[in-house]
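Have a look at the structure below before the remarks.
Every read-out reported here was derived from the displayed coordinates using simple, explicitly stated rules and does not represent laboratory data. All figures in this text were calculated on a predicted structure; none of them were measured in a lab. Don't worry about glycine lacking a Cβ; one is built from the backbone with ideal geometry, like all the others, and counts go over all protein chains shown.
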Amino acid sequence: MTSDEQQVDPVLDQALDANSLYQLRASVAAHAVRAGLPQGRADDLVMAAHELAANVVRHGSGHGRLRIWRQDQMLHCQVTDDGIPQHPGSNGRDHEKVADHAPITQSWRIKPGHGLWLVRQLADQTSLHPGLSGSAVTISFALGSAGSFRPFALSEHSIDDGRIMIAIVGQLDLNSADELAGAVERALAKDPAARLVIDLAGLTFWDAFGLAGMLRAQGRADASTGACMSLANMPAQLARHLEETGLADRFTQSC
């Protein structure tokens, strides 16, 4: 952990090995919700933490540590690989020999479908800290304020220039993602060349299902001749998440 991270008492600090993965998932889930993370994002954290922990056990040193702490409206989770123990008097040469054959970052794989690739799709922020004496990955999730639990709602109205504004309020998640896609489909059924603006000013939370719903809505608009859909008043955290996951280019910048 960095010096700044050490100043914050963790809400969970647990060793991990092959025998602790199941219990680790239950502990992460309980502490994430208790710390204020909405259930949908808590599930994402459990999945990401398990992936990192499993990589330490299966592809790294086999043992490490998981810590969770809350700071600045973010919930941070760090999974550390303890690395290969260095024997006294080795002067680091044992590490160099091991590194020649099995790089210390091997446990943090980045191939699509697993490892860091999957973790980066789930977390709001991801940072890798490699090192011969042990490497770590820190993942961060934005905590919702009291307003994050406002009921989901959609409203539609026309703008002076002829565009249709669809405003989202509350949480865009598994339970509400289909409603957005449905609203876009209804608008396109009335006018196949409709120009749609999705107003995200009232958006307080989103998860992977919410992002999938926005992608489906964008796909519907892209497939309708003459139609377009753009996002407006996007929260900074969502904009950063889309950039980091390579999804920003999937959405129309202006309409």
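The string of couplings for region 220-235 from the Karplus curve (6.51, -1.76, 1.60, θ = phi - 60°) is 4, 5, 5, 7, 9, 4, x, 8, 8, 9, 9, 9, 10, 6, 6, x Hz, one whole number per residue in order, with x for Gly and Pro. Taking amide H atoms as placed 1.01 Å from N in the peptide plane, the amide H of Gly202 lies under 5 Å from those of Ile168, each 5 or more residues away in sequence or on another chain.
Peptides 20-26, 195-201 ranked from most to least packed, by the mean per-residue count of other Cβ atoms within 10 Å: 195-201, 20-26. Taking each residue as 0.36 nm, the span from Ser20 to Gln125 lengthens on full extension beyond its C-alpha to C-alpha distance by 35.3 nm.
Quick check: net charge around Gly213, other residues with Cβ under 9 Å of its Cβ, Lys/Arg +1 and Asp/Glu -1? For residues surrounding Gly213, the net value is -2.
Counted residue by residue at 0.36 nm each, then reduced by the alpha carbon distance between them, the extension gain from Phe209 to Ile159 reaches 15.2 nm.
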